[in-house]
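The values are calculated or read from the model by the stated rules, or taken from the named source; none is laboratory data. Remember, it's a predicted structure, so these values are computed and weren't measured experimentally. Backbone-built Cβ (ideal geometry, glycine too); neighbour counts: all protein chains shown. Side chains included, ligands, DNA and RNA excluded: accessible areas come from the protein's heavy atoms. Shrake-Rupley method; radii C 1.70, N 1.55, O 1.52, S 1.80 Å.
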Amino acid sequence: MKVKIFDEEHELDLEEAINAFIEKNPQINIISIQFQTCGFAFEQEQIYCFSALLLYENKTTWLSHTGNVE
């Protein structure tokens with residue numbers, strides 16, 4: 001199992017980063033995506049953080065664990 005962490009300042013940037021990673025890695029099987037947001041104020045400015053943790057395996061590894069390798 002492998003982990004990929006994404007951290008962006010805007011939710012649409014997070015969405016684009018995740019979609020780009022998935023598109024560039026068609027050999028992966030996604031196990032889980034966990035999402036978190038955080039917001040706070042700093043010197044009269046609101047700052048947001050949008051992050052996600054993506055758990056995945058290569059499809060060949062995943063298939064061998066499930067017994068579906070031909």
Options F6, I30, N58, ranked by Cα towards positive dipole end of the chain, top entry (Cβ charges): N58
Residue-level accessible surface for F21, protein heavy atoms, 1.4 Å, Å²: 30
Karplus 3J(HN,Hα) series, Hz, for segment 36-43 with 6.51 cos²θ - 1.76 cosθ + 1.60 (x for Gly, Pro): 8, 10, 9, x, 7, 9, 9, 6
Accessible surface, per residue, of the chain when the full set of protein chains is kept, probe 1.4 Å, Å²: 79
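How much length is gained on full extension from F42 to M1, taking 0.36 nm per residue of separation minus their Cα-Cα distance? Spell out each step's value before the answer.
Working: separation 41, 0.36 × 41 = 14.76 nm, distance 3.72 nm.
Going from the current span to full extension adds 11.0 nm.
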Environment charge of K24, counting only residues whose C-beta is closer than 13 Å and scoring Lys/Arg +1, Asp/Glu -1: -1
Rounded to 10°, Cα long-axis angle of helix 11-24 versus longest principal axis of the chain: 20
When the chain is reduced to its Cα atoms, the Kirkwood hydrodynamic radius in Å: 13.7
Phi to ³J(HN,Hα) by Karplus 6.51 cos²θ - 1.76 cosθ + 1.60 over segment 46-56, Hz, x for Gly, Pro: 8, 10, 10, 10, 10, 9, 8, 10, 10, 9, 8
Relative contact order for segment 2-58, counting Cα pairs under 8 Å that sit 6 or more residues apart, in percent: 50
